[in-house]
Ligand code: DC
């Protein structure tokens, strides 16, 4: 339905609904969806699998150059292996913010992400897409929801996947901790780009949010 190449940036905190919405918008517009959080998660997986300390900048920096991270056709590849499933484990969610704070990590990821958006239409979600990765994106959205609703969504998702030993309260605390680290970090903190459209998904269905975005892109509103 699009007759020119476009870029759409979707930012917001964990659990706000970015990826669910972005995937549907991508399908409707027949464009590529790029999940940048998956890239930071893939690197976190490698750090943990190698027995390195995610809080140690030196440990993490030591593997960046020898790691390949790629996002193709909705799948995330770490050193050419599909890691779609592993990166969603709670041990990754708990540690990824420490990895995403590191300057060298961000530089490497941003480079890959900008390259992905160069030659085709994309909808890209993350924390710094509208501010750093694609500052000239054609459309920018900042997606938010209350912390309680975000924790409820994440908890339900993890329980449905069979994750054990978790509680709603723990998930809420983890989300608050990630919000704090992601929003206060020195490099590319999570902030709303001034020109981004604010979309609060609290109490809205996925379809309502998707329709809101599509109508803005089509210029109906
Ligand atoms: O969207 P997500 O929950 O999969 O993201 C995982 C983590 O990666 C999140 O805590 C912050 C970080 N991240 C980031 O710093 N910049 C991005 N563009 C995407 C994610």
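The values are calculated or read from the model by the stated rules, or taken from the named source; none is laboratory data. Everything numeric in this text was worked out from a predicted model, so none of it was measured. All Cβ positions, even for glycine, are placed from backbone atoms using ideal geometry, and neighbour counts span all protein chains on display.
Structural remarks
- Selected residue (only one of 171, 129 is crowded, with 21+ Cβ neighbours inside 10 Å and more than 12 Å from the ligand (Cβ to nearest atom)): 171
- Any hit, the range 101-117, residues being at pLDDT 95 or above and in a loop (DSSP other than H, G, I, E, B): yes
- Within the range 70-89, tally of residues that are in a strand (DSSP E or B), in contact with a helix residue (DSSP H, G or I) (Cβ under 7 Å, 6 or more places away or on another chain) and modelled with pLDDT of 95 or more: 2
- Failed item, numbered, when residue 114 is tested on (1) under 12 Å from residue 34 (Cα atoms); (2) in contact with a helix residue (DSSP H, G or I) (Cβ under 8 Å, 6 or more places away or on another chain); (3) buried (at least 17 other Cβ atoms within 10 Å of the Cβ): (3)
- Candidate set from the range 22-73 (those that are touching a residue at least 60 places away in the same chain (Cβ under 8 Å) and within 12 Å of the ligand (Cβ to nearest atom)); member that is farthest from residue 121 (Cα to Cα): 43
Conditions tested, residue by residue: (1) closer than 30 Å to residue 4 by Cβ; (2) assigned to a loop (DSSP other than H, G, I, E, B).
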site	(1), (2)
130	yes, no
152	no, no
156	no, no
175	no, no
181	no, no
189	no, yes
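- Residue satisfying all of: in the range 50-83; farther than 17 Å from residue 116 by Cβ and within 18 Å of the chain's Cα centre (by Cα); surrounded by the most Cβ atoms within 10 Å (Cβ to Cβ) among these: 83
- The range 209-220: number of residues that are at negative phi and surrounded by fewer than 11 Cβ atoms within 10 Å (Cβ to Cβ): 1
- Residue within the range 159-168 that is over 17 Å from residue 23 (Cα atoms), in contact with a strand residue (DSSP E or B) (Cβ under 8 Å, 6 or more places away or on another chain) and assigned to a loop (DSSP other than H, G, I, E, B) present: no
- Filter result for the condition that a residue is farther than 23 Å from residue 214 by Cα, more than 13 Å from the ligand (Cβ to nearest atom) and either out of contact with any helix residue (DSSP H, G or I) (no Cβ under 9 Å at 6 or more places or on another chain) or modelled with pLDDT under 95 (or both), over 148, 163, 157: 163
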